Amino acid sequence: MHLYQPYSPTVVQSLHWVSLAAAVGFGLFHLVTGFSPLVGWLEIIAAPFLLFSLVRSHRSGELDRRALLAFTLIMMMALVIFTRDHGFSGLAFVFPVVAGLFYLMSIFAAGLLGGAFTLLMFAVGAHSVDGDMLLRFGVSVLITYCFIWFLVLGQAQSLTRLNRSYLTDPLTGLANRRAMDKWLTGHPAAAPLCLFQLNIHQFKSINQRYGRATGDALLQQLAHRLKTLPQQLGTEALIGQGDALLARTSGDEFVLGLPIGAGHCRRSVADAIHQRLTGTYQVFDHQLMLSLTLGYSRSDDASASDKLQQANMATIQGKATQPGLCYEFSQALAQEMEQEAEILQGLKRAINLGAFELKYMPIHGLATPWCSGAEVLVRSTLPELAGIGPDRFIPVAEKYGLIYELDLWIIQRCFAEVQLLSGSRPEESRDLRLALNISSMQLNNPKLASAILSLASRYDIDLNRIDLELTETALVSHSAEGMKMLTELRDNGIKVVLDDFGTGFTAFSQLQHYPIDRLKIDRSFVSQLGLQNAEQTRSLVDVILRVAAIYEIPVTAEGVETREQEEYLMKRGCHHFQGYLYSPPVPLNQLLARRRSLMAETLGLSADGADD
């Protein structure tokens, strides 16, 4: 260990300039005056090493230890020669040289070299003083040298403690995320390694129910079990020889790195880890049952950082599928990760370029043959996202926080298109309702309501013709602020539609408590209405329609593709439909043209005169 630590570039360069000026100045002085010319030449020779270090410090802000060590050794030679020729006056430079060595070399090497240099200086300068003066010099140097050693050892211990706290989780004593990153970076690529990520199931609930002190004590007990795992698994020959990583990377998340090669079964190791860590923990007066979701990497040629990502993805997949079990990173998950990364990059580029377009899915009622409304759908025009629909890129946008910007782009573009196409024929779309899908994450966006109201004012949009579609999950997991925002939008004329009803967790009794104005039956139910052995689905649809009638909530069926489906729904009180039976999603100008044509046919007018 050495005490060298990087300083600010200003300090580093200032020290270099002062030392360089002193070396060159004294060297020229000794050469010009003839006072110790050999010392002068050594000082001049040492200067380029200092200059080299100065250039590097100017570029990187750090010292060049090898160049500085070469400069120091040459200057030590110059001091020895100076002391030999002129006596103990050269001893004045011993202490700064010795102290500087501890910043350039290991403590042991600096101590040996500094001690040897000091003894040599005494030996070559002893001729210039008597025995009494030599003793006095020796005692003072010994005391000063001991002081330097105490100072150096104290600083070394402080640095050790600082490094330990910097790289250690203070609660559990395990490595923290910084130490884990350092360990993974330095892990040999050819060495066998399997990474395991553990996540405590519902740890937040433990903290909330029993208190943070109990939660901390539980983590400490878990860490203690983790520390014994490598030895236990090695004794059972489940893992090979090598260093192990034990780290706590977040409040309820741990990472293990174990030497597991081709000759070992990762699944057996995962099961052994899971068995030893899950179960009952006695914490204070409480018996806590701990459940862990464990994900682990594959055995391949991936780097250590890639294996960590594999373990993380496997854990995420496990938490979403069934928490409390072990999951291995799979090839299918790898492909999903790669596709997700491609979609993410495409989304970012599409948002920057505005490379989206809107399509409108007509919604038909029973009163007229032309559509009474339309659902606004988004499609990407970016070549990189060709063939990737919103069912795939919307979840990615939600996951990476792009959905806020995308939703507002859709709302603004829709309002702009309506204003543009309705400018010459305002009565043509006056009674056309438009349904906008918004992400459930928008319920946590306090600026959404004001943004919608501002855009409606800018584009002169009548909010009484606008619907906002939300999924069941969004309403079930709503916050008080989200419900307040929906209420504000409803007060300004917007209707709230509960989308994909029947696929979530909404109890029928909850309908009266939610600020909703319409239900939409999910297409997965509608598609089965005409199938044999689908009595349960038909019964569920019947119940939805009956309960909606009781609460006087209108219902729209989506995904209607056959007349049989339409007739079944119509007979049971559903009066609004959308699906390919009527039209695929089309641009707004085509929807309005089709609507105008049907109006003309029905009213016996020409298409151009349908608006008169």
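The values are calculated or read from the model by the stated rules, or taken from the named source; none is laboratory data. If you're wondering where the values come from, they're calculated on a predicted model, not measured in any experiment. Cβ sites come from the backbone with ideal geometry, for glycine too, and all protein chains shown count toward neighbours. Please note that ligands, DNA and RNA were not included when accessible areas were found on the heavy atoms of the full protein model with its side chains. Shrake-Rupley method; radii C 1.70, N 1.55, O 1.52, S 1.80 Å.
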Reported to the nearest 10 Å², TRP409 has, with a 1.4 Å probe, an accessible area equal to 50 Å²
Per the 1.4 Å probe, what fraction of the accessible area of segment 177-329, in percent, lies on carbon and sulfur atoms? 47 percent
Starting from the Kirkwood Rh over alpha-carbon pairs, what translational D in µm² s⁻¹ does segment 522-612 have by Stokes-Einstein at 4 °C and 1.567 mPa s? 87 µm²/s
Mind checking the angle between helix 65-86 and the chain's longest principal axis? C-alpha axes, 0 to 90 degrees, to the nearest 10. 20 degrees
Relative to the longest principal Cα axis of the chain, at what angle does helix 107-125 sit, 0 to 90 degrees, rounded to 10? 20 degrees
Convex hull volume per residue in cubic angstrom - Cα atoms of segment 177-329: 100 Å³
For segment 341-603, what ratio Rg/Rh do Cα atoms give with a Kirkwood hydrodynamic radius? 0.95
Toy charge model, Lys and Arg Cβ at +1, Asp and Glu Cβ at -1: the chain dipole around Cα centroid in debye, rounded to 20, equals 1720 debye
With DSSP loop assignment and no more than 10 other C-beta atoms within 10 Å, the GluC sites (Glu not before Pro) in segment 516-602 are GLU552
May I ask you to rank LYS520, LYS204 by accessible area, largest first, using a 1.4 Å probe over the protein chains only? LYS204, LYS520
When only DSSP loop residues count, what chymotrypsin sites (Phe, Trp or Tyr not before Pro) in segment 201-292 have their Cβ near at most 15 other Cβ atoms within 10 Å? PHE284
For the chain, what percent of Cα pairs sit more than 34 Å apart? 65 percent
Whole-Hz ³J(HN,Hα) from phi, Karplus 6.51 cos²θ - 1.76 cosθ + 1.60, for segment 238-248, glycine and proline x: 7, 10, x, 8, x, 6, 10, 10, 10, 9, 9
Could you compute how much accessible surface ARG563 exposes when probed at 1.4 Å, giving the result in Å² to the nearest 10? 140 Å²
For the pairs LYS319/LYS359; LYS204/LYS307; LYS204/LYS399; LYS307/LYS447; LYS227/LYS399; LYS307/LYS399, note any where the Cα-Cα span goes beyond 30 Å. LYS319/LYS359; LYS307/LYS447; LYS227/LYS399
Scalar couplings 3J(HN,Hα) for segment 92-102 by Karplus 6.51 cos²θ - 1.76 cosθ + 1.60 (θ = phi - 60°), nearest whole Hz, x for Gly and Pro, are 4, 9, 5, 5, x, 5, 5, 4, x, 4, 5
A correct Karplus calculation of ³J(HN,Hα) over segment 361-374, with 6.51 cos²θ - 1.76 cosθ + 1.60, θ = phi - 60°, whole Hz and x for Gly and Pro, returns 8, x, 10, 10, x, 8, 6, 9, x, 8, 5, 9, x, 7
For the chain, what is the accessible area per residue in Å², given a 1.4 Å probe and the full set of protein chains? 51 Å²
Helix 266-277 axis, angle to the chain major axis (alpha carbon atoms, nearest 10°): 90 degrees
What distance in nm separates the simple spin-label points at GLN208 and PHE29, each placed 7 Å from Cα in the Cβ direction? 7.5 nm
Would you kindly find the accessible area of CYS371, with a 1.4 Å probe and non-protein molecules such as ligands, DNA and RNA excluded, rounding to the nearest 10 Å²? 10 Å²
